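Engineer: My questions will all concern the structure given below.
What follows is calculated from the coordinates using simple rules that are stated; it is not laboratory data. Just so it is clear, the structure is predicted and the values come from calculations on it, not from any experiment. Every residue, glycine as well, gets a Cβ built from its backbone with ideal geometry; the counts of neighbours run over all protein chains shown.
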Amino acid sequence: MNMKVLLVSSNLHSQFPACFPNAVGALSAYLVREGHEIRPLHLARKRDFRKVGPALREFRPDVVGISAVTCETPIIAPVAKEARAWSATVPILVGGIHAIVAPETVFEVPEVDGLCYGEGEVAFAEYLRRLERNDDPLGCPNFYFRVAGEMRRNPPVPFIEDLDSLPMMDRSVADLQEVINANNGTINLIFSRGCPWTCQFCCNHHIKRMQPGTYARVISVPNVMAELRKLAANYRFRHVLFRDDTFTWNREWAMEFVQAYKKEFSYPFDVFSRVDCLDDGMIDALAEAGCRHIFLGLDSGNDYIRNKVLNKEQLNEDLFRVTDRMQEKGIIPMISNIVGLPYETPEMFNDTVEINKRLHRNKVVFSPSCGACPKIWVFTPWPGSDLYKLCKKEGWLQEEPTSAKVYRESVLEMPTFPRKEIDRQFRTFRYRVYKDKHPLHALLFLMYDSRPVQAVFERIPMGAMGTVRETFLAALNPVRRREVLGRVLRLVKSDQRA
């Protein structure tokens with residue numbers, strides 16, 4: 001018999017309020033192919049919590065699955081409690097990055113029966129197979145289960161080596177068109193899994209150790225192109241952001257892709273990459289295919305912090321060489337920076353400011369996919385990362401990074417860089433970068449990054465987020481000001497009526 005699974009996801013607390021739940025989309029597609037019936041429930045607004053009870057009563061699932069990254073963990077308890085109130089016996093399982101890196105915190109919710117600690121497709125399908133055949137589901141691999149009040153970890157299954165063996169992602173698990181609209185007409189796509197690097201602020205290397213097999217993998221170019229054709233036929237978008245951790249880590253794949261892409265599509269696109277994955281040939285090929293922006297993680301302009309603390313192994317000279325080449329070819333570098341890193345001082349952070357001044361001396365940068373640059377984030381020690389362990393060991397961690405304010409407020413109190421000073425440096429960073437060459441824009445950034453303005457933005461509904469970005473662009477381009485402000489008002493009013 002087919003099993004019925006309610007899959008709950010959320011981006012209520014994310015710094016990125018318009019996100020598509022890719023992991024749930026991949027899991028749903030796989031389970032549907034296995035013959036199961038899936039009901040996705042994506043919580044994009046606080047009022048969506050009211051849908052949980054009716055979904056349980058109407059769909060009557062055999063299993064409830066909850067997917068959550070760390071900043072979305074506040075949804076686990078209320079959803080699990082609602083499910084347990086509906087049924088005393090329905091299995092409640094949790095997946096997602098947080099379940100992998102901090103399983104003990106998930107089991108603090110007493111209603112949770114188990115969690116998947118790695119890629120979920122094979123493991124979840126095996127759990128359902130055992131459940132429907134009355135086999136022992138508690139022996140299912142790739143899961144932790146609560147057994148006699150204790151956490152029991154079962155052996156792992158290998159990473160899925162051949163991503164082409166998986167079905168295309170189920171794009172119906174959330175309102176993809178709404179997400180596109182909220183992102184200013186940009187569709188966000190991922191066609192790889194894993195990352196070959198071991199940056200200390202990232203949990204990728206922790207996840208890599210959880211299962212055997214190859215961690216960094218890509219979908220073949222023919223299958224990527226087939227999915228792009230399907231998306232272009234079914235959704236309205238005008239820009240593509242490939243959100244793979246490092247789009248060009250596999251140079252052969254990336255070169256094959258851009259050659260195929262430019263033959264069929266004219267959508268401008270952005271990618272994430274690294275300085276050591278961008279030679280002149282790669283940059284030229286990306287430019288010819290329509291790449292408009294490349295996101296590069298400078299993270300820190302201080303060599304000691306970037307290379308010794310973060311383990312990035314990148315030199316400033318290489319960054320300048322790559323960004324100069326990009327700009328020669330018409331690609332705008334989008335530089336990502338972090339403030340409040342372990343062992344950092346305000347003087348060290350000034351190195352980050354100075355490098356960004358050099359990189360942004362000619363013009364103010366704005367991307368339709370991710371807004372204004374340079375990007376600045378407050379360091380967040382994510383569970384599972386080596387820097388999280390360091391911060392715990394040193395006693396710097398004041399609270400767990402589970403609120404919507406991660407990336408904007410520090411959870412650390414360090415003797416070298418107090419929280420109040422981190423906050424001041426964060427909110428004045430872009431002003432300092434632009435004030436000498438672009439004083440008017442610098443003042444706009446100072447206002448935009450202020451606490452009062454950001455407090456207003458936190459209340460903006462997802463459907464209006466894309467237009468908010470355009471509103472900021474309109475401040476830089478007065479010709480569009482009236483048109484864009486009118487769109488904001490219409491979207492906010494329509495969302496209030498919904």
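Engineer: Given a Förster radius of 45 Å and the C-beta distance between PHE265 and THR89 as r, what FRET efficiency does 1/(1 + (r/R0)^6) yield to the nearest 0.05? It would help to have the intermediate numbers written out before the result.
Structural biologist: On the way: r = 49 Å, r/R0 = 1.10.
Between PHE265 and THR89 the formula returns 0.35.
Engineer: Let me ask something else. Could you work out the relative contact order of region 154-269? I mean the mean sequence separation of Cα pairs under 8 Å and 6+ apart, divided by the number of residues, in percent. Write out the running numbers ahead of the final one.
Structural biologist: Values: 116 pairs, mean separation 39.9, N = 116.
Value for region 154-269: 34 percent.
Engineer: Among (i) -0.69, -0.85, -1.24; (ii) -0.58, -0.74, -1.26; (iii) -0.51, -0.65, -1.21, which one is log10 I(q)/I(0) by the Debye sum over Cα atoms at q = 0.08, 0.09, 0.12 Å⁻¹ computed from these coordinates?
Structural biologist: For log10 I(q)/I(0) by the Debye sum over Cα atoms at q = 0.08, 0.09, 0.12 Å⁻¹, the calculated option is (iii).
Engineer: Let me ask another. Relative contact order of region 4-153: what whole-number percent is it, with Cα pairs under 8 angstrom and at least 6 residues apart?
Structural biologist: Details: 243 pairs, mean separation 30.5, N = 150.
It comes to 20 percent, rounded to a whole number.
Engineer: What list do you get for LYS81, LYS393 if you sort them by fewest beta carbons within 10 Å?
Structural biologist: Exposure proxy ranking, most exposed first: LYS393, LYS81.
Engineer: What ranking, highest mean first, results for peptides 56-65, 83-92 when packing means the other Cβ atoms within 10 Å averaged over each residue? Walk me through the intermediate numbers first.
Structural biologist: Values: 56-65: 18.9, 83-92: 15.7.
The most tightly packed comes first, giving 56-65, 83-92.
Engineer: Highest mean first, what order results for 311-321, 122-132 on Cβ atoms within 10 Å? Can you show the working numbers first?
Structural biologist: Values: 311-321: 15.7, 122-132: 19.5.
Descending mean neighbour count gives 122-132, 311-321.
Engineer: Related question: Under the definition of Cα pairs under 8 Å and six or more residues apart, what whole-number percent is the relative contact order of the chain?
Structural biologist: Details: 864 pairs, mean separation 63.9, N = 498.
That works out to 13 percent.
Engineer: Here's a follow-up. Suppose every Lys and Arg Cβ carries +1 and every Asp and Glu Cβ carries -1, with no other charges. What dipole size does the chain come out with about its Cα centre, to the nearest 20 debye?
Structural biologist: Its charge dipole is roughly 1960 debye.
Engineer: Provide the per-residue ³J(HN,Hα) series for region 206-214, in order, calculated from phi with Karplus coefficients 6.51, -1.76, 1.60 and θ = phi - 60°, each as a whole number of Hz, with x at glycine and proline positions.
Structural biologist: Listing the rounded values in order: 5, 4, 4, 7, 6, 9, x, x, 6 Hz.
Engineer: I would also like to ask the following. Calculate the spin-label point distance for ASN311 paired with THR105, positioning each point 7 Å from the Cα along the beta-carbon direction, and give it in nanometres.
Structural biologist: Result: 2.0 nm between the two label points.
Engineer: Right, here's the next one. How far apart, in nm, are two points set 7 Å out from the Cα along the Cα-to-Cβ line at ASP324 and at ARG60?
Structural biologist: Modelled inter-label distance: 7.0 nm.
Engineer: Counting helices only, and only those DSSP H runs with n ≥ 4, report the 222 nm mean residue ellipticity of the chain as the sum of -39,500 (n - 2.57) divided by its residues, in deg cm²/dmol to the nearest 500.
Structural biologist: Details: 19 runs with 200 residues, N = 498.
That comes out to -12000 deg cm²/dmol.
Engineer: Students often forget the sequence filter, so: which aspartates and glutamates lie under 16 Å Cα-Cα from LYS393 once same-chain residues fewer than 8 apart are removed?
Structural biologist: GLU413
Engineer: Karplus couplings for region 158-167 from phi (6.51 cos²θ - 1.76 cosθ + 1.60, θ = phi - 60°), rounded to Hz, Gly and Pro as x?
Structural biologist: Along region 158-167, the couplings run x, 4, 6, 5, 9, 5, 5, 6, 8, x Hz.
Engineer: Work out, step by step, the length gained on full extension between ARG451 and GLU399: first 0.36 nm times the residue separation, then minus their alpha carbon distance; give nm to one decimal.
Structural biologist: Working: separation 52, 0.36 × 52 = 18.72 nm, distance 2.03 nm.
Gain in length upon complete extension: 16.7 nm.
Engineer: Let me ask another. Place the peptides 442-452, 45-55 in order of packing, highest mean first, counting for every residue the other Cβ atoms within 10 Å and averaging per peptide. Provide the component values of the computation, followed by the final result.
Structural biologist: Working: 442-452: 15.5, 45-55: 13.6.
Those peptides, ordered most packed to least, come out 442-452, 45-55.
Engineer: Please give the contour-minus-distance gain from ARG358 to LEU443: 0.36 nm per residue of separation, less the Cα-Cα distance, rounded to one decimal in nm.
Structural biologist: Values: separation 85, 0.36 × 85 = 30.60 nm, distance 1.88 nm.
Here the answer is 28.7 nm.
Engineer: Let me ask something additional. Could you tell me which of rounded, prolate or oblate describes region 1-160, using a ≥ b ≥ c as the square roots of the eigenvalues of the alpha-carbon gyration tensor, with rounded for a/c under 1.5 and, failing that, prolate when a/b is larger than b/c and oblate otherwise? Kindly include the intermediate steps, with their values, before the conclusion.
Structural biologist: On the way: a/c = 1.31, a/b = 1.21, b/c = 1.08.
Taking the square roots of the gyration eigenvalues as a ≥ b ≥ c, region 1-160 is rounded.
Engineer: May I ask you to derive the FRET efficiency for GLU227 and GLU37 from their Cβ-Cβ distance with R0 = 22 Å, giving the value to the nearest 0.05? Show your work: numbers first, answer last.
Structural biologist: On the way: r = 23 Å, r/R0 = 1.07.
Between GLU227 and GLU37 the formula returns 0.40.
Engineer: Work out, step by step, the length gained on full extension between ALA77 and ASP164: first 0.36 nm times the residue separation, then minus their alpha carbon distance; give nm to one decimal. Display every interim value, and only then the final one.
Structural biologist: Values: separation 87, 0.36 × 87 = 31.32 nm, distance 3.52 nm.
Additional length available on full extension: 27.8 nm.
Engineer: State, to one decimal in nm, how far the label point of ARG146 lies from the label point of THR198, with both points 7 Å from Cα in the Cβ direction.
Structural biologist: 3.6
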